[in-house]
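Colleague: First, the structure itself, so that you have it in front of you.
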Amino acid sequence: MTRVFNFSAGPAVLPEEVLKQAQAELLDWHGSGMSVMEMSHRGKEFIAIAEMAEASLRELMNIPANYKVLFLQGGATAQFAMVPINLLRGKKSADYVNTGEWSKKAIKEARKFCSVNVAATSESTNFSTVPPQQEWKLGPDAAYLHYTPNETIGGVEFGFVPQSGNVPLVADMSSTILSRPVDVTKFGIIYAGAQKNIGPAGLTIVIVREDLIGGAAANTPSMFDYKVHADSASMNNTPPTYAWYIAGLVFDWLKKKGGLKAMAEINQRKAEKLYAFIDASGGFYKNPVEKQSRSWMNVPFTLKDSALDEPFLKGTKAAGLVQLKGHRSVGGMRASIYNAMPEAGIDALINYMQDFIKKQG
Ligand SMILES: *Cc1c(COP(=O)(O)O)cnc(C)c1O
């Protein structure tokens with residue numbers, strides 16, 4: 001068996017220790033005689049798995065008691081609709097910050113429900129920057145402020161938590177959750193699809209302050225109402241049980257690694273190493289993002305001549321480095337280096353990139 005270094009943006013690499021534990025428990029979870037996949041979500045075994053996962057996440061992120069943690073389906077994309085459906089409460093507008101592809105998708109969906117005030121955009125820099133907060137123009141009657149702390153495609157990450165004044169701050173943390181500590185109390189809602197930095201696809205985590213639950217209109221479909229999910233402990237219908245279980249194993253792995261502060265140090269070191277190499281390559285490789293907004297999780301880069309893309313990618317396969325092709329909208333390469341990407345993967349990538357320069361003479 002050979003494991004590759006997988007730089008996929010999502011579904012992404014999982015910790016090998018977690019996969020091994022899942023393998024060991026696959027046929028018979030803790031003497032139950034069943035796989036977690038075969039359990040009733042209402043049975044005591046799965047309830048224990050679900051509660052342990054939530055407790056671990058609460059501990060890792062230091063989530064206060066007045067926040068609910070929901071384990072849902074529908075991806076971050078469903079949250080693009082659920083946020084306005086639940087938070088507008090009769091208001092007609094919401095503030096959004098546009099820093100790239102995922103912001104744009106959130107804005108497009110929100111426009112089905114309200115008037116979107118784009119409070120700031122980095123379009124003029126081709127989304128290579130984060131607009132400084134003092135330039136934002138928040139609407140006078142916005143129901144909430146939404147932003148994307150890490151743009152997975154553009155590789156742009158906020159180095160600060162925005163001030164939203166009196167309205168709830170909503171963050172699509174799909175590709176940055178658990179990469180470092182965050183002060184949950186600054187947020188009304190944090191949501192994230194699991195398949196980047198949490199676990200398998202099919203699970204979406206929503207951390208929502210209790211006072212923001214219960215504001216959806218009466219004709220809201222149950223599955224789009226936070227209150228329905230909160231009241232049923234995310235078991236209004238069958239939840240994504242196996243993904244929930246694996247997420248719990250990942251949370252425990254993070255705790256063993258020393259928690260989010262320790263992860264932040266590792267992640268920063270990994271990212272800085274890769275950016276430093278790119279910047280020192282004399283223009284052979286380039287990352288377009290301004291230095292203070294560079295993502296620790298997703299590192300897009302181009303080669304000095306796009307004709308080299310194909311030979312570059314061809315060689316990566318043989319070197320055991322996969323899923324480096326950039327997003328179709330930007331081209332070039334992208335290395336996603338989430339929590340589960342070991343430092344050895346960064347070193348292997350840098351070695352390969354160095355060798356590739358030499359080969360070009
Ligand atoms: C991947 C991603 C999404 C979409 O997530 P789905 O779970 O596929 O709906 C949304 N926002 C960000 C920032 C992402 O990285």
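Taken together, the values in this text are just the output of simple stated rules run on the coordinates, not laboratory data. Computed from a predicted structure; not experimentally measured. Every residue, glycine among them, receives a Cβ derived from its backbone with ideal geometry; neighbour counts consider all protein chains shown.
Colleague: Placing +1 at every Lys and Arg Cβ and -1 at every Asp and Glu Cβ, with all other atoms neutral, what dipole size does the stretch 258-360 have around its Cα centre, in debye to the nearest 20? Intermediate results must be reported in sequence, preceding the final value.
Modeller: Details: 15 positive and 10 negative charges, 28 e Å.
Using Cβ point charges on Lys, Arg, Asp and Glu, the stretch 258-360 gives about 140 debye.
Colleague: Can you tell me how much longer the chain between Lys286 and Ser32 gets when fully stretched, taken as 0.36 nm per residue apart minus their C-alpha distance, in nm with one decimal?
Modeller: Numbers: separation 254, 0.36 × 254 = 91.44 nm, distance 5.25 nm.
Gain in length upon complete extension: 86.2 nm.
Colleague: Hey, what do the phi angles of the stretch 58-70 turn into as Karplus ³J(HN,Hα) couplings, whole Hz, using 6.51/-1.76/1.60 and θ = phi - 60°, x for Gly and Pro?
Modeller: 4, 5, 4, 9, 6, 7, x, 5, 8, 10, 9, 10, 10
Colleague: Could you give the size of the charge dipole of the stretch 55-183 about its Cα centre, using +1 on the Cβ of each K and R and -1 on the Cβ of each D and E, expressed in debye and rounded to the nearest 20? Please list the in-between numbers first.
Modeller: Working: 12 positive and 11 negative charges, 99 e Å.
With Lys and Arg at +1 and Asp and Glu at -1, about 480 debye.
Colleague: On a full-extension model of 0.36 nm per residue, what is the gain between Ala55 and Glu123, subtracting their alpha-carbon distance, rounded to one decimal in nm? Working shown, then result.
Modeller: Values: separation 68, 0.36 × 68 = 24.48 nm, distance 3.99 nm.
Extra length available between Ala55 and Glu123 comes to 20.5 nm.
Colleague: Please name which of Ile246, Ala264, Val228 has its Cα lying farthest along the dipole of the stretch 227-271 towards the positive end, using unit charges on Cβ (Lys, Arg +1; Asp, Glu -1) and the Cα centre as origin.
Modeller: Checking the options against the dipole of the stretch 227-271, the answer is Ala264.
Colleague: Now for a different question. Select from Ser115, Ser179, Ser32 the residue whose mean-square fluctuation is largest in a Gaussian network model of the chain (Cα-Cα springs shorter than 10 Å).
Modeller: Ser32
Colleague: How far apart, in nm, are two points set 7 Å out from the Cα along the Cα-to-Cβ line at Ala217 and at Asp355?
Modeller: 5.9 nm
Colleague: Follow-up question, since we're still on this one. Treat every Asp and Glu Cβ in the chain as -1 and every Lys and Arg Cβ as +1, leave all other atoms uncharged, and give the resulting dipole magnitude about the Cα centre to the nearest 20 debye.
Modeller: Working: 38 positive and 34 negative charges, 116 e Å.
The dipole magnitude comes to about 560 debye.
Colleague: Moving on. A 24 angstrom limit on the alpha carbon distance is what I want to check against. Which of Lys196/Lys325; Lys291/Lys359; Lys104/Lys255; Lys286/Lys359; Lys68/Lys92 exceed it? Please list the in-between numbers first.
Modeller: Numbers: Lys196/Lys325 16 Å; Lys291/Lys359 29 Å; Lys104/Lys255 34 Å; Lys286/Lys359 18 Å; Lys68/Lys92 26 Å.
Too far apart for the 24 Å limit: Lys291/Lys359; Lys104/Lys255; Lys68/Lys92.
Colleague: From Cα pairs below 8 angstrom and at least 6 apart in sequence, can you work out the relative contact order of the stretch 120-199, rounded to a whole percent? It would help to have the intermediate numbers written out before the result.
Modeller: Working: 100 pairs, mean separation 19.8, N = 80.
Across the stretch 120-199, relative contact order equals 25 percent.
Colleague: Report Rg/Rh for the stretch 258-360, rounded to two decimals, where Rg is the Cα radius of gyration and Rh the Kirkwood radius. Mind showing how you got there, number by number?
Modeller: Details: Rg = 13.3 Å, Rh = 14.0 Å.
Rg/Rh for the stretch 258-360 comes to 0.95.
Colleague: Let me ask another. Compare the Cα positions of Ser329, Gly282, Leu349 along the charge dipole of the stretch 258-360 (+1 at Cβ of Lys, Arg; -1 at Cβ of Asp, Glu; about the Cα centre) and return the one farthest towards the positive end.
Modeller: Going by the Cα projections, it comes out as Ser329.
Colleague: Distance between Cα centroids, the stretch 1-50 to the stretch 232-276: provide it in whole Å.
Modeller: 14 Å
Colleague: To continue, here is another question. Fewest to most neighbouring Cβ within 10 Å: what's the order for Ile246, Ile47, Ile266? Could the numbers behind the result be given before it?
Modeller: On the way: Ile246 24, Ile47 15, Ile266 18.
With the sparsest Cβ surroundings first, the list reads Ile47, Ile266, Ile246.
Colleague: Quick one: order Val182, Val156 by neighbouring beta-carbon count within 10 Å, fewest to most.
Modeller: On the way: Val182 20, Val156 27.
Exposure proxy ranking, most exposed first: Val182, Val156.
Colleague: In vacuum, with every alpha carbon of the chain counted as one equal point scatterer, what does the Debye formula give for log10 I(q)/I(0) at q = 0.15 Å⁻¹? Two decimals, please.
Modeller: -1.31
Colleague: Would you work out if the stretch 9-139 is rounded, prolate or oblate? Take a ≥ b ≥ c from the square roots of the eigenvalues of the alpha-carbon gyration tensor; rounded if a/c is under 1.5, else prolate when a/b is larger than b/c, oblate otherwise. All intermediate terms of the calculation are to be shown ahead of the outcome.
Modeller: Working: a/c = 2.73, a/b = 2.07, b/c = 1.32.
Prolate, because a/c is 1.5 or more and a/b exceeds b/c.
Colleague: Can you give the relative contact order of the chain as a percent, counting alpha carbon pairs under 8 Å and 6+ residues apart?
Modeller: 23 percent
Colleague: List the residues whose amide H sits under 5 Å from the amide H of Tyr144, counting only those 5 or more places along or on another chain, with H placed 1.01 Å from N in the peptide plane.
Modeller: So Tyr144 has HN proximity to Asp95.
Colleague: Can you tell me the relative contact order of the stretch 155-256? Whole percent, Cα pairs under 8 Å, sequence separation 6 or more.
Modeller: Values: 102 pairs, mean separation 20.7, N = 102.
Relative contact order, the stretch 155-256: 20 percent.
Colleague: What Kirkwood radius, in Å to one decimal, follows from the Cα pairs of the stretch 1-52?
Modeller: Values: mean 1/r = 0.0776 Å⁻¹.
Here the Kirkwood hydrodynamic radius works out to 12.9 Å.
Colleague: Name the residue from Thr302, Phe71, His30 whose Cα lies farthest towards the positive end of the charge dipole of the chain, charges +1 on Cβ of Lys and Arg and -1 on Cβ of Asp and Glu.
Modeller: Thr302
Colleague: Could you list Trp296, Trp102 in order of exposure, starting from the residue whose Cβ has the fewest other Cβ atoms within 10 Å? Intermediate values should be presented prior to the final figure.
Modeller: On the way: Trp296 26, Trp102 21.
The fewest-first ordering by Cβ neighbours comes to Trp102, Trp296.
Colleague: Select from Ala271, Ala247, Ala262 the residue whose mean-square fluctuation is largest in a Gaussian network model of the chain (Cα-Cα springs shorter than 10 Å).
Modeller: Ala262
Colleague: Rounded, prolate or oblate: which one fits the stretch 112-229, using the alpha carbon gyration tensor with axes a ≥ b ≥ c (rounded when a/c is under 1.5, else prolate when a/b beats b/c, else oblate)? Could you put the intermediate results ahead of the total?
Modeller: Details: a/c = 1.73, a/b = 1.18, b/c = 1.46.
Oblate is the answer for the stretch 112-229, as a/c is 1.5 or above yet b/c matches or exceeds a/b.
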